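The values are calculated or read from the model by the stated rules, or taken from the named source; none is laboratory data. Since we're looking at a predicted model, the values are computed, not measured. We place every Cβ from the backbone using ideal geometry, glycine too, and count neighbours over all the protein chains shown.
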Amino acid sequence: MSDLRVLILGTGGMANAHAEAYAAMPGVTLAAGVDTNPGRLLEFNALHRIEHGFRSVEEAIAWGRFDAVSNVTPDPVHHATTLALLAAGKHVLCEKPLATTAEDAEEMARAAAAAGVVNMVNLSYRNVPALIQAHAMVAAGEIGEIRHFEAAYLQSWLTQDAWGQWDEDEKWLWRLSTAHGSMGVLGDIGVHILDFATYAAGGLGVRDVSCRLTTFDKAPGGRIGDYVLDANDSFAMHMALENGAVGVVHASRMATGHLNDLSLRLFGSKGGLDVRFEGGRSILRACLGEADMHSGTWREMPAPEVPTNYVRFIAAVRSGAQVLPDFARGAALQRVMDRAVDSDAAGGAKLTV
Ligand SMILES: NC(=O)c1ccc[n+]([C@@H]2O[C@H](COP(=O)([O-])OP(=O)(O)OC[C@H]3O[C@@H](n4cnc5c(N)ncnc54)[C@H](O)[C@@H]3O)[C@@H](O)[C@H]2O)c1
C-alpha cells in the first residue's frame, strides 16, 4: 500500500480527532500541520509527532508534499482555504458547516467537481450505527411512508463548564459571534441534526421551512472583548420534505442535562423508529408490525458498526471513487440553513427552499 500523506489545516480542538484517526490507519502519514497561531501549531505537532509546520495554507501548498487535507479551521475560513487546496489538486475532507453561505458552499461544490478530487464534509454523526441502520430500514420500506418526524440536538456548554469556560475560551467565543463567521447553533450543530434527520427520512428533498432563532442575554452589553454575542443559541424549525413528511427540528446550547445528545423519531404508515446518540452511545428502537403498533411496543434493534468518515475518506482517496456526504450535500444543507435565517427575519414565515 503506497504511503498517503495528509495535511491538517487548523490545529485547534477538533483537529485532534482527525489526527488520531489518521494516525491509527496503516499507510497514512500526518505530513504537516498548519495554523495561524504558532503556539497552538507547535503544541499540536509535538503531541501528534508531526515533522512539518506552516503558518498559512499558501506556504503549505508551495511546499506541496501532501495528497489530502483535513480542513479543521473555523467556519468562515473553510471557503477560501478549500478553494486554494482544490486549485492545487488536493483531496479535501472539510469540517462542517461547509461554508457560511449557500453561495460560497455552492462555489466550493462546483470547484471540487471541476478539480475531480475526493471532497467530503465531516458530518460526523454519519458514524452512528443507529442512524445508518435507520436509513437502510426506511429505504427498504420497513416503516412504510414517513408522515411525521421530530429531531433534536441538545448541548449545554452555556450552562455548565464540562468543556471549559465558554466566556473565556476563544474556541467557544467565535461560535457566539456573527462577525467571527458563526451562524450560531444553527450552523454549528443544526447542520448535523438537519443532515441526520433528512438522511434517514429519505434524502435532503426539503420543500419548505419556517424557523425561529433565539439569542440569549449572556454578558453585560452582549459582548466579551472583541466578541459581540449576537449569534443564535437556540432554534426551532418546522420543515416539509418533498416526500410529503413534515417534522420539527430543534437544537440548543442551553439544553441543561445534555452534554451532546442527538435524537430522531420517525413515524411511518407501517412502523416507527427511534434513533438516539446519547452519552456517546448509539441506540436504535423500533415499533414494527401490527401487534407492536397496536400495543405501542418498542424493541431495541441491532445496528452493525460503520466505518468513520476518516476511514471512508482515505479509502476514497485510494480508490478514486467519490464518497458521501460530499460538498454538494454540504451545499444543499447550507441552502436549508440560509432559508431558515431568512424565515426568522420574516417572523418565522414558511419559505420554499
Ligand atoms: N464534525 C464535528 O463533529 C465537529 C466538532 C467540533 C468542531 N467542528 C468544526 O471544526 C472546525 C474547527 O473547530 P474547532 O472547535 O477545532 O475550533 P478551534 O477554534 O479550536 O480551532 C480552529 C483552529 O484553526 C486555526 N485557524 C484559524 N484561521 C486559520 C487559517 N486561516 N489557517 C490555518 N489555521 C487557522 C485557529 O488558530 C485554531 O487553532 C469548525 O468548522 C467546527 O465547526 C466539527
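Among the listed residues Ala46, Ala19, identify the single one that is closer than 30 Å to Gln165 by Cα, surrounded by fewer than 18 Cβ atoms within 10 Å (Cβ to Cβ), more than 9 Å from the ligand (Cβ to nearest atom) and not acidic (Asp, Glu).
It is Ala46.
Which ones in segment 321-345 are touching a residue at least 24 places away in the same chain (Cβ under 8 Å) and of a type outside the set (A, V, I, L, M)?
Scanning segment 321-345 gives Gln322, Pro325, Asp326, Phe327, Arg329, Gly330, Gln334, Arg335, Asp338, Arg339, Ser343, Asp344.
When segment 246-304 is examined, which residues are found to be crowded, with 17+ Cβ neighbours inside 10 Å and of a type in the set (Val, Ile, Thr)?
Val249, Val275, Ile283
Need the failing condition index for Thr81 against (1) surrounded by 19 or more Cβ atoms within 10 Å (Cβ to Cβ); (2) more than 9 Å from the ligand (Cβ to nearest atom), just the number.
(2)
So, in segment 49-74, of the ones that are farther than 20 Å from Met120 by Cβ and buried (at least 18 other Cβ atoms within 10 Å of the Cβ), which residue ends up farthest from the ligand (Cβ to nearest atom)?
Ile50
Residue by residue, here is whether (1) under 26 Å from Ala17 (Cβ atoms); (2) within 16 Å of the ligand (Cβ to nearest atom); (3) touching an Asp or Glu at 6+ places or on another chain (Cβ under 6 Å); (4) not assigned by TED's automatic domain parsing to the domain that holds Asp261 holds:
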{"residue": "Ala114", "(1), (2), (3), (4)": "no, no, no, yes"}
{"residue": "Ala130", "(1), (2), (3), (4)": "yes, no, no, no"}
{"residue": "Ala139", "(1), (2), (3), (4)": "no, no, no, no"}
{"residue": "Gly144", "(1), (2), (3), (4)": "no, no, no, no"}
{"residue": "Glu150", "(1), (2), (3), (4)": "no, no, no, no"}
{"residue": "Ser156", "(1), (2), (3), (4)": "yes, yes, no, no"}
{"residue": "Trp172", "(1), (2), (3), (4)": "yes, yes, no, no"}
{"residue": "Asp188", "(1), (2), (3), (4)": "yes, yes, no, no"}
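On the given criteria, is His91 within 15 Å of Phe327 (Cα to Cα), of a type outside the set (A, V, I, L, M) and within 13 Å of the ligand (Cβ to nearest atom)?
For His91, the condition - within 15 Å of Phe327 (Cα to Cα), of a type outside the set (A, V, I, L, M) and within 13 Å of the ligand (Cβ to nearest atom) - is not met.
If you take the residues of segment 209-262 that are part of a strand (DSSP E or B) and polar (S, T, N, Q), which of them is farthest from Asp342 (Cα to Cα)?
Asn260
What's the number of the condition Gly13 fails, among (1) more than 21 Å from the chain's Cα centre (by Cα); (2) near the ligand (Cβ under 8 Å from one of its atoms)?
(1)
Find the residue count for segment 319-353, including only residues that are under 30 Å from Ser2 (Cβ atoms) and surrounded by fewer than 17 Cβ atoms within 10 Å (Cβ to Cβ).
The qualifying residues number 5.
So is Arg5 away from the ligand (no atom under 15 Å from the Cβ), at pLDDT 95 or above and either crowded, with 21+ Cβ neighbours inside 10 Å or within 20 Å of Val317 (Cβ to Cβ) (or both) or not?
Against the criterion (away from the ligand (no atom under 15 Å from the Cβ), at pLDDT 95 or above and either crowded, with 21+ Cβ neighbours inside 10 Å or within 20 Å of Val317 (Cβ to Cβ) (or both)), Arg5 qualifies.
Is it the case that some residue within segment 119-128 is surrounded by fewer than 18 Cβ atoms within 10 Å (Cβ to Cβ), within 16 Å of the ligand (Cβ to nearest atom) and within 30 Å of Cys287 (Cβ to Cβ)?
Yes.
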